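One structure below.
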Amino acid sequence: MIAAIALVIGVLLGIIFRPTVPLWLEPYLPIAVVAALDAVFGGVRARLDGIFVAKVFVVSFVSNVLVAALIVFMGDKLGVGGQLSTAVVVVLGIRIFGNAAAIRRHLFRA
C-alpha cells in the first residue's frame, strides 16, 4: 500500500510542479512509467497475497525501469525504436492487466 500511496503522491507532485523532461530523455520516460506501474501493481498483488518483500519490490522496480529503458535505447540505436517500444508496452501491459485481475479477484472475491 505504501507503493500505491507513493505513486499517487508522485503524480500529484508532478501535476503541481510540472517538471520539464530533457529532450534526450523523452522517448524513454513513457516506457519507464509503464515499467514502474508494472512493479507497483506486482507489489500490490504480492501484498494482498501476503508474500510482499520490500527488497524484492525495490529490485523489481529499479530493474524493470532500467531494462525497459535499455531495450528502447537499443531499439533507437538499431533504428527500430518504435517497434521495440510497442513490444515493451504490450508485454508490460499484459503483466499489469494480469496483476490488476488478480487484485480484483482478491478484493471482490470474484
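The values are calculated or read from the model by the stated rules, or taken from the named source; none is laboratory data. From a predicted model like this one, the values you see are computed outputs, not experimental measurements. Cβ sites come from the backbone with ideal geometry, for glycine too, and all protein chains shown count toward neighbours. All accessible areas refer to the heavy atoms of the entire protein, side chains included, with ligands and DNA or RNA removed. Shrake-Rupley method; radii C 1.70, N 1.55, O 1.52, S 1.80 Å.
Of note:
- Apportionment of accessible area to carbon and sulfur, the chain, percent (1.4 Å): 76 percent
- Dimensions of the chain from C-alpha coordinates, computed as largest minus smallest value along each principal axis and given longest first, are 46, 31, 25 Å.
- The gain in end-to-end length when the Val33 to Ile9 segment is fully stretched comes to 7.2 nm, 0.36 nm per residue minus the alpha carbon separation.
- Sites Asp49 and Leu23, calculated FRET efficiency, Cβ-Cβ separation with R0 30 Å, nearest 0.05: 0.15
- Relative to the longest principal axis of the Cα atoms of the chain, helix 54-78 runs at roughly 30 degrees.
- Accessible surface, per residue, of the chain when the full set of protein chains is kept, probe 1.4 Å, Å²: 69 Å²
- Principal-axis analysis of the Cα atoms of the chain puts helix 81-108 at an angle of about 10° to the longest axis.
- FRET efficiency estimate (nearest 0.05) - Cβ-Cβ, Ile16 to Ser63, R0 41 angstrom: 0.90
- Residue-span extension gain [Leu78 to Arg104] - 0.36 nm each, minus C-alpha spacing: 5.4 nm
- The chain: angle of helix 29-49 to the longest principal axis, Cα-based, in degrees nearest 10: 10 degrees
- Theoretical ellipticity at 222 nm over the chain - DSSP helices of four or more residues, -39500 (n - 2.57) apiece, nearest 500: -28500 deg cm²/dmol
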